[in-house]
Amino acid sequence: MRLSIFFACVALFVPTGRAAAQQRSILVKEIGVEGNRRVQEAVILGRVQAKIGSPFNPSQLSEDLRSIFGLGFFDDVQLKVEDFEGGVRVIFVVVERPFVRDVDFVGNKKVTTSELQDKIDLKLGSVYNPVDVQKAKERLTEFYEQEGYFEVQITPEVEKFADGDVRVVFSINEGRQITIDRIVIQGNKGLTDREIKKALATREREYFILRGKLQRQKLDEDVERILALYNDHGYVQARVDGYDVAVDREKARVTLTFTVVEGPQYRVGEVTITGVTLFPESEVRRLVSLKPGDVYSRTKLRESIRQITDLYSTVGRASVDINPKTDQLQATAKVNIFLEINEGPEVYVERINISGNLRSQDKILRREIPMAEGDLFTLQKLQRARQRLLNLGYFENVDVATQPGSDKTRIVVNVEVTERPTGIFSIGGGYSSVDSFIGTIDLSQRNFLGRGWEASIRIRAGANTQQGIISFTEPWLFDRPLSAGFDIFSTARQFIEYDYETLGGGLRLSRPFAEYWRWHTGYRLTRDTISHLRDDSDPFLREEAGTRVTSLVSGALTRESRDSVISPTRGGQVSLNVDFAGLGGDSQFVKSVGSMSYFKPIWLDHILSGRGEAGYGFGWADRPLPIFERFYLGGPNSIRGFKFRKISPRDDTGVRIGGTSELLGNLEYIIPLPFNIRIAGFFDIGNVYGFNTKFDPTDLREAAGAGIRWQSPFGPIRIDYGVNLDRRKGEDFGALQFSVGSPF
């Protein structure tokens with residue numbers, strides 16, 4: 001009706017013909033809005049182009065109507081024109097859409113309300129639109145079907161409040177979760193049902209017991225997985241003619257059928273490589289895992305290209321372009337492979353972008369990256385940067401990537417980190433097979449003030465051990481790769497043979513050199529006390545009783561190439577340490593220990609690791625090697641078939657008095673499992689020699705066993721059981737070892 005009034009007014013106010021030219025224009029004297037409750041008048045009039053004092057223009061007002069309606073807040077917008085003070089008053093009459101005041105879900109039992117709310121775009125306070133409600137219903141239905149609830153029924157209902165706003169309620173009948181009875185593969189001859197089913201994301205059984213769930217999203221992925229599997233077995237013309245889902249409504253189970261068309265199996269014909277000048281062609285060809293006569297595999301071809309790219313990256317040619325071409329010969333069922341290599345120029349780092357470091361200063365990341373803007377880029381430097389940043393322990397995750405720079409000779413390095421909490425304050429207790437039950441208080445910060453400083457206070461107290469340590473480390477002294485720190489400590493331990501107390505402090509200094517290597521030096525001053533000896537102790541032990549001062553300098557060389565110091569999977573560690581005591585004090589001795597460990601990933605992410613260690617010490621100036629510096633074996637980090645310090649030379653009364661030399665070897669086979677769990681089998685070998693035990697490398701103690709490791713939030717927790725393989729009279733069959741940390 002208002003639109004008809006509008007047009008009537010237009011007929012009265014708009015003159016025609018020559019009369020129009022003679023009469024003056026009709027002016028807009030006022031512009032107003034009616035019917036708005038929530039939407040402010042200024043918002044509405046902000047869409048209006050007509051102005052007070054301007055000539056009345058029906059065409060412009062029609063555009064203004066459409067513009068106001070386009071705000072999306074109104075069900076209806078009309079125009080009313082009235083006489084006003086010798087001109088006209090223009091009034092936009094709006095009918096506001098209701099707002100969504102509440103969204104609720106009724107009947108959902110298997111899925112939480114908050115999870116359902118996250119799946120839809122219908123939010124509180126939004127303008128009600130039936131189309132949005134229908135889209136929300138479709139998304140909820142899709143989500144339930146992805147979780148296997150194909151019988152779900154969702155009914156949206158709209159309840160109006162007195163003020164016109166609405167409450168949207170989704171009534172849900174979830175129905176039963178449809179599980180998989182069996183998966184059927186049709187048309188396969190070259191590949192077995194087992195091979196194909198192993199490649200699927202959809203499973204008949206999960207964890208060998210539970211039936212798998214049918215999820216629509218996985219079905220489309222499974223089609224691609226089947227094609228990829230066939231392509232990797234030479235069936236380059238294979239296709240999947242779809243899948244069929246047969247639902248047994250009575251049992252709430254489905255039979256899933258995939259139909260495949262295999263085609264012929266292709267093998268590799270000729271392999272041609274062109275464009276190689278920087279390397280011998282034989283070296284590049286060696287990286288191509290596909291040889292003439294092999295079954296053709298697209299994955300192996302991609303992997304070969306990646307390895308060749310990595311090879312060129314070692315000499316700064318990160319922009320190498322490898323163009324693979326294949327020629328399928330249907331008559332012979334062979335694929336000829338052509339690799340065209342454009343080696344490109346040397347590539348230099350144009351820029352290094354770092355993101356995600358909210359607490360850590362930018363410079364503590366950049367100083368760990370072994371390249372800077374302007375340096376020659378190599379893949380090894382990029383991989384080393386990620387490894388060094390992870391080993392800082394400041395970050396949960398480190399992603400390193402590259403992108404093209406301003407030209408082919410430039411590359412941009414992007415480093416994105418996810419910071420982890422580096423501060424710890426804990427009061428608790430624990431148990432280990434060495435110290436039994438202990439209580440601990442830890443206060444530490446590995447990235448103090450975001451500057452990379454490491455500071456800690458640690459107190460441990462138990463039945464056999466009491467320990468207090470204060471430590472501080474500056475990893476980059478004077479902004480140079482020079483690590484410096486100090487330790488103040490007090491330790492008391494009760495062994496079977498005697499009690500040992502030490503109080504002292506030390507200074508540390510180290511610096512990296514070459515690749516992976518670092519030298520260390522330090523000074524330690526301690527007051528060492530031996531007390532509470534057994535009455536029948538050896539005369540040597542009785543001579544060791546009392547208090548002495550030890551003034552000791554040390555030097556060491558280490559090589560660290562492990563990908564992680566907490567849970568390594570590849571790389572190794574080499575260390576050689578020498579201590580010299582006698583620059584003052586009461587102790588005069590020399591002690592050296594060398595060790596080497598290595599981790600190598602093998603098939604299925606399994607890890608083979610090993611360690612070898614040897615140590616030797618002696619006293620000088622007619623003094624023996626102090627008992628608290630002697631070698632003992634046995635325990636969670638040495639030969640695990642024996643309890644802590646059980647392997648040692650003995651005196652005539654059977655008291656363990658430690659040795660002056662040791663040999664130790666460990667071999668582990670580690671299998672990763674879900675939930676950050678690993679299982680391991682191990683073999684340990686070694687012995688301790690000295691005093692009344694002659695050094696004989698053929699006289700070794702052996703142990704074997706198995707264990708489980710869990711990468712907990714508090715660090716790697718290990719439980720091992722080792723069996724004594726050469727059990728002697730009076731010895732235990734084996735030992736259970738419980739500890740925190742890596743064995744080596």
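The values are calculated or read from the model by the stated rules, or taken from the named source; none is laboratory data. Predicted model, so just to flag it, every value in this text is computed and none were measured. Cβ placement follows ideal geometry from the backbone for every residue including glycine, while neighbour counts extend to all protein chains displayed.
Can GLY585 be described as within 44 Å of the chain's Cα centre (by Cα) and not hydroxyl-bearing (Ser, Thr, Tyr)? For GLY585, the condition - within 44 Å of the chain's Cα centre (by Cα) and not hydroxyl-bearing (Ser, Thr, Tyr) - is not met. Annotation note: of LEU736, LEU725, LEU673, the sole residue that is of a type in the set (A, V, I, L, M, F, W, C), under 26 Å from MET596 (Cβ atoms) and in contact with a strand residue (DSSP E or B) (Cβ under 7 Å, 6 or more places away or on another chain) is LEU725. Consider segment 64-79 and keep the residues that are in contact (Cβ under 8 Å) with a residue 12 or more places away in the chain and exposed (fewer than 15 other Cβ atoms within 10 Å of the Cβ). The one that is farthest from the chain's Cα centre (by Cα) is ASP76.
Can you find a residue in segment 717-729 that is surrounded by fewer than 13 Cβ atoms within 10 Å (Cβ to Cβ), assigned by TED's automatic domain parsing to the domain that holds PHE599, in contact with a Lys or Arg (Cβ under 8 Å, 6 or more places away or on another chain) and of a type outside the set (Phe, Trp, Tyr)? Scanning segment 717-729, I find at least one residue that is surrounded by fewer than 13 Cβ atoms within 10 Å (Cβ to Cβ), assigned by TED's automatic domain parsing to the domain that holds PHE599, in contact with a Lys or Arg (Cβ under 8 Å, 6 or more places away or on another chain) and of a type outside the set (Phe, Trp, Tyr), so the answer is yes.
Among the residues of segment 492-505, are any within 19 Å of ALA455 (Cβ to Cβ) and out of contact with any Leu (no Cβ under 7 Å at 6 or more places or on another chain)? Among the residues of segment 492-505, not one is within 19 Å of ALA455 (Cβ to Cβ) and out of contact with any Leu (no Cβ under 7 Å at 6 or more places or on another chain), which makes the answer no. Only residues that are more than 25 Å from GLN307 (Cβ to Cβ), assigned to a helix (DSSP H, G or I) and either in contact (Cβ under 8 Å) with a residue 40 or more places away in the chain or within 16 Å of the chain's Cα centre (by Cα) (or both) were counted in segment 364-388, giving 2.
Against the numbered list (1) of a type outside the set (Gly, Ala, Ser); (2) within 30 Å of ASP118 (Cα to Cα); (3) modelled with pLDDT of 85 or more, VAL90 comes up short only at (2). Could you tell me whether ILE273 is touching a Leu at 6+ places or on another chain (Cβ under 9 Å), assigned to a strand (DSSP E or B), of a type outside the set (S, T, N, Q) and farther than 24 Å from LEU382 by Cα? Considered against the rule, which asks whether it is touching a Leu at 6+ places or on another chain (Cβ under 9 Å), assigned to a strand (DSSP E or B), of a type outside the set (S, T, N, Q) and farther than 24 Å from LEU382 by Cα, ILE273 comes out as yes. Filtering segment 647-667 to residues that are surrounded by fewer than 20 Cβ atoms within 10 Å (Cβ to Cβ), in contact (Cβ under 8 Å) with a residue 60 or more places away in the chain and within 21 Å of GLY705 (Cα to Cα) leaves nothing.
Checking segment 477-494 against the condition returns no match, with no residue being of a type outside the set (Asp, Glu), outside any strand (DSSP E or B) and buried (at least 16 other Cβ atoms within 10 Å of the Cβ).
Going by the conditions given, is SER282 in a helix (DSSP H, G or I), under 37 Å from the mean Cα position of the chain (by Cα), among the small types (Gly, Ala, Ser) and on the phi < 0 side of the Ramachandran plot? No: the conditions fail for SER282. Report yes if ARG511 is under 21 Å from ASP579 (Cα atoms) and charged (D, E, K, R), otherwise no. Yes; evaluated as a whole, the condition is true for this residue. Does PHE599 satisfy being in the same structural domain as ASN724 (by TED's automatic domain parsing), farther than 28 Å from SER561 by Cβ, of a type outside the set (Lys, Arg) and not in a helix (DSSP H, G or I)? So PHE599 does not fit the description; no.
The single residue among LEU227, LEU287 that is among the aliphatic types (A, V, I, L, M) and within 30 Å of THR141 (Cβ to Cβ) turns out to be LEU227. Say whether the condition of being among the polar types (S, T, N, Q), free of Cβ contacts under 8 Å to residues at least 24 places away in the same chain and in contact with a helix residue (DSSP H, G or I) (Cβ under 7 Å, 6 or more places away or on another chain) is met by at least one residue in segment 309-328. No: segment 309-328 contains no residue that is among the polar types (S, T, N, Q), free of Cβ contacts under 8 Å to residues at least 24 places away in the same chain and in contact with a helix residue (DSSP H, G or I) (Cβ under 7 Å, 6 or more places away or on another chain). Can you tell me which residue in segment 337-353 is nearest to LEU449 (Cα to Cα), limited to those that are surrounded by fewer than 17 Cβ atoms within 10 Å (Cβ to Cβ) and modelled with pLDDT of 90 or more? Among those that are surrounded by fewer than 17 Cβ atoms within 10 Å (Cβ to Cβ) and modelled with pLDDT of 90 or more, it is ASN353.
Contact annotation: residue pairs with Cβ atoms under 6 Å, 6 or more positions apart or on different chains, pairing a residue in segment 483-510 that is touching a residue at least 40 places away in the same chain (Cβ under 8 Å) with a partner that is in a loop (DSSP other than H, G, I, E, B) and among the β-branched types (Val, Ile, Thr), are GLU497/VAL655.
Within the option set PHE589, PHE599, being farther than 25 Å from LEU525 by Cβ, surrounded by 16 or more Cβ atoms within 10 Å (Cβ to Cβ) and among the aromatic types (Phe, Trp, Tyr) holds for one residue only, PHE599.
May I ask you to verify whether GLY70 is at pLDDT below 85 and outside the structural domain of GLU30 (by TED's automatic domain parsing)? So GLY70 does not fit the description; no. Screening segment 641-675 for residues that are in contact with a Pro (Cβ under 9 Å, 6 or more places away or on another chain) and more than 17 Å from TYR616 (Cβ to Cβ) and picking the one that is modelled with the lowest pLDDT gives ASP651. Selection of strands (runs of 3 or more DSSP E) fully inside segment 95-208 by the criterion of at least 1 residues being aromatic (Phe, Trp, Tyr) returns 100-106, 166-173.
Does segment 540-560 contain any residue that is within 42 Å of the chain's Cα centre (by Cα), part of a strand (DSSP E or B) and hydroxyl-bearing (Ser, Thr, Tyr)? Yes: segment 540-560 contains one or more residues that are within 42 Å of the chain's Cα centre (by Cα), part of a strand (DSSP E or B) and hydroxyl-bearing (Ser, Thr, Tyr).
The C-beta contact set for segment 338-357 (first residue farther than 17 Å from GLY316 by Cβ, second residue of a type outside the set (D, E, K, R) and part of a loop (DSSP other than H, G, I, E, B), distance under 7 angstrom, 6+ apart or interchain) comprises GLU340/GLY275. The set of residues in segment 668-711 being in contact with a His (Cβ under 9 Å, 6 or more places away or on another chain) and surrounded by fewer than 20 Cβ atoms within 10 Å (Cβ to Cβ) consists of TYR669, ILE671, PRO672.
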